[in-house]
1. Ranked from the most accessible area to the least, with a 1.4 Å probe and all protein chains present, what is the order of C:His35, C:His60?
2. Suppose each label sits 7 Å from its Cα in the direction of the beta carbon; what would the B:Thr87-A:Arg284 distance come out to in nanometres?
3. Stretch C:Glu42-C:Ala303 to full length: gain in nm at 0.36 nm per residue minus the Cα-Cα span?
4. For segment C:6-59 and segment C:101-173, what is the separation of their C-alpha centers, rounded to whole Å?
5. With all protein chains present, how much of the accessible area of segment C:3-246 (probe radius 1.4 Å) comes from carbon and sulfur, to the nearest whole percent?
6. I'd like the orientation of helix C:271-284 relative to chain C: the angle between its Cα long axis and the longest Cα principal axis, in ° from 0 to 90, rounded to 10.
7. Can you list residues whose amide H is under 5 Å from A:Ala111's amide H, if they're 5+ apart or on another chain and H is modeled 1.01 Å from N?
8. Once you put a point 7 Å from the Cα of B:Tyr73 and another 7 Å from the Cα of A:Arg101, both along the Cβ direction, what distance in nm separates them?
Amino acid sequence: MDEYLDRLNIYASRLVSQKEYFVPGHRACQGCAEALALRLVAKTLGRNNIVACATGCMEIVSSPLPLTSWKVPWIHVAFENAAAVASGIESGLKALMRKGRLPRQKINVMAMAGDGGTSDIGLQALSGALERGHNMVYVCFDNEAYMNTGIQRSSSTPFGASTTTSPAGKVVPGQVTWKKNMPEITAAHNIPYVATACSSYPFDLMEKVKKAADIEGPAYVHILSICPTGWRIPPQLAIHAGRMAIETGMFPLYEVERGKYRLNIDLPELRPVEEYLRFQGRFRHLTPELIEKIQQRVREEYEKLKRKVEMTNED
Amino acid sequence: MAKPENEITWRDLEVGIVVNEPGNASVYCTGDWRSQRPVYATERCIKCGTCYIYCPDMAIKILRDGYIEHDLYYCKGCGICAQECPTGAITMVEEEE
Amino acid sequence: MATRVGMEVSIAAAEAVKQANADIIAAYPITPQTHIVEHLSELVNDGELDAEFIPVESEHSAMSVCAGSSAAGARTFTCTSSQGLILMSEIVYAVASLRLPMLMILANRSLNSPLSIWNDHSDVMSVRDCGWIQVFMENGQEVYDHVFIGFRVAEDRNVIIPFMMNIDGFMLTHVIEPIGLLEQEVVDRYLPPFQPLYRLHPNNPVTMGAFGPPILFTEAKKAQDEAFNKTMPHIIKAWQEFGDLTGRYYHPIETYRTDEAKIVIITQGSLGETASIGIDMMREEKEPVGLVKIRLWRPFPFAELREAVKEAELVVVMDRAISYGGPGGPLAGEVRSALYPQESRPRVANFIIGLGGRDVAPEDFVQMVQQAKAQPGEWYEIYGVRE
């Protein structure tokens with residue numbers, strides 16, 4: 001049993017609303033923790049939520065005509081523009097409510113995209129939306145590659161991972177670049193709220209999504225979304241994989257609230273990254289030297305993050 | 001959804017191909033993807049709800065008494081509930097058994 | 001009832017958007033569209049127009065914001081040119097398929113390369129088949145009036161299709177013309193508030209832009225095509241009612257001195273006025289030449305065109321864009337398609353003129369007609385090029 005899951009209450013799962021706004025019958029793969037993350041996000045944001053969805057796995061699995069898994073208003077326009085479409089929805093509602101043509105009420109506007117739709121092709125639209133200050137929640141479901149098109153590498157694919165466009169070859173050992181740091185990029189826009197989350201920590205995730213929606217202005221939540229198909233792990237290990245990502249420091253859970261950093265799970269000692277890498281097919285080819293290289297990088301990045309926590313919380 | 005998709009004509013589609021039956025995907029059975037099914041032992045269950053919260057397919061219902069029930073119409077057999085159950089109350093068995 | 005004032009056409013367009021009480025304006029600056037959006041941001045910041053002006057980071061986002069705001073039920077306006085249209089074109093197609101009504105003014109400008117900020121029609125021709133209603137404007141009055149007509153048609157429950165106004169960059173956007181302005185009360189009578197058929201709202205949670213598997217994609221496209229093919233009477237009705245209110249009547253095509261014309265020149269956009277001067281010069285010389293100006297580009301007025309050139313033996317089509325490896329210019333291709341079903345049809349000569357801001361004078365029309373008469377066959381030529 002996860003030692004962190006139940007730090008709130010062992011029965012916390014039962015206190016969560018049983019209402020779903022992303023309903024079953026969706027066509028995500030077995031053990032898709034991205035669908036799980038989406039379920040938790042939709043559940044948290046509830047009925048008064050409008051979703052602008054980028055092209056990607058979650059779009060395809062949730063809306064094959066004539067069916068929809070959505071119980072909230074939802075729109076898909078293209079791959080790279082979820083943040084811009086959400087900007088338009090938010091502004092449209094604002095104008096119509098101000099002009100008395102829609103009753104005033106709190107309606108959350110959410111944009112969602114995968115790591116490709118966020119850190120690659122959608123980065124410009126996201127940056128624009130954050131800079132303009134639209135009151136919306138942007139959720140990045142990061143499964144660390146273009147899974148929908150067949151596991152091609154993105155700028156969010158971690159170093160060393162083998163994908164169909166960064167295959168582990170005889171000369172090049174898979175992805176040779178480090179994962180683009182989207183939370184830091186969004187935090188640099190000085191928006192009121194940035195958080196990382198993972199569906200292996202559902203209560204932490206839901207708290208963060210709620211906070212993101214409650215805060216006035218743009219909020220960004222970056223969710224590590226385990227993809228058993230693309231990571232080549234057995235589906236039942238999806239939750240375990242997320243836990244290992246956090247416990248090894250590969251993907252720290254933290255928040256940046258009005259410039260203040262907070263580590264949500266601050267481990268006194270990180271597990272060796274090998275415990276995260278070794279059961280994933282995408283990392284199977286890694287040599288001890290490459291694993292050590294990753295270990296060093298993780299240690300450095302984690303230290304950097306801890307220093308930011310200290311620096312931004314000094315009085 | 002009124003009709004199976006191969007009987008839908010262009011006239012049946014809404015303006016802009018809007019789908020105006022929220023959540024109608026719940027008619028779609030994903031249970032037949034399953035090669036393993038979850039078997040639940042009530043006597044070992046501590047009613048923690050961990051399986052419920054981790055199910056990517058909303059295929060676990062918490063009953064009024066705190067015990068759970070799998071909805072095999074949707075369960076794809078991923079095995080997350082069995083893996084994460086702290087007391088081993090759920091086990092996966094081959095579907096043909 | 002109406003006041004007539006001298007005004008830059010861009011300013012008149014922006015004033016019309018204000019009178020139309022737009023809710024959302026999303027735009028990215030590009031020459032020669034800028035005066036329109038500059039004036040709109042002034043109107044918003046001075047509190048004269050209650051709207052959200054969204055200064056996006058690209059045209060792609062401009063059209064994406066428009067998609068979102070129209071889907072939310074807001075009256076939506078944008079404006080671009082040239083490269084901006086090309087950048088947003090992915091979403092230009094998408095909003096048409098999603099049936100999201102909005103109005104876009106395209107200040108027509110050529111496409112790179114070489115870079116040119118000046119006028120031709122190569123930008124709009126790149127999205128000819130995008131599923132928007134498209135009109136070409138000849139003068140400032142048409143521009144002003146069509147802001148109301150455009151919103152009205154786009155938002156009409158019988159249409160629900162975005163509307164694009166083509167206005168020639170600089171040649172029209174930056175000139176000062178006398179514009180008959182409408183009283184607000186007349187505008188309000190003509191243009192009711194936008195009542196979307198579907199909107200993104202929790203009270204009726206619809207899914208827009210669902211994924212189309214092969215078993216339904218063709219049906220989706222058929223539905224779109226059928227809807228588009230039914231727009232013509234509603235466009236004509238909108239023009240008729242506008243005319244009844246204002247005395248200014250518009251039609252899919254306009255003719256000028258086509259009575260007993262054996263030769264007909266066909267133009268689009270602001271060149272119509274120059275061409276008509278050329279026509280007058282030729283008529284002085286007893287040359288039986290007339291002019292057909294195509295206002296409605298999509299849906300294309302096939303029947304009206306056939307009727308307008310039925311007396312002609314020679315049709316001279318003036319294109320302002322090239323269709324490389326194609327029929328010459330896109331307009332000539334359409335004209336030939338319109339005439340093909342007829343048993344006896346005029347010969348079609350095609351000039352490509354006015355590229356990248358190249359001036360076209362009335363005398364040029366005289367010369368082109370002379371050449372078209374002298375040179376038999378169906379052909380196209382880029383006119384006025386230095387050999």
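1. Working: C:His35 55, C:His60 20 Å².
Ranked from most to least accessible, the order is C:His35, C:His60.
2. It is 3.7 nm.
3. On the way: separation 261, 0.36 × 261 = 93.96 nm, distance 4.33 nm.
Contour length minus Cα-Cα distance gives 89.6 nm.
4. 15 Å
5. Working: 4080 of 7640 Å².
After summing per-atom areas, the C and S share lands at 53 percent.
6. Here the helix axis deviates by roughly 20 degrees.
7. A:Ala52, A:Val137, A:Tyr138, A:Val139
8. In this crude spin-label approximation the distance works out to 4.1 nm.
The values are calculated or read from the model by the stated rules, or taken from the named source; none is laboratory data. Since the structure is predicted, the reported quantities are computational estimates derived from the model, not experimental observations. Heads up, the Cβs are rebuilt from the backbone with ideal geometry, glycines too, and the neighbour counts pull from every protein chain shown. Surface areas here come from the heavy atoms of the whole protein model, side chains and all, with no ligands, DNA or RNA. Shrake-Rupley method; radii C 1.70, N 1.55, O 1.52, S 1.80 Å.
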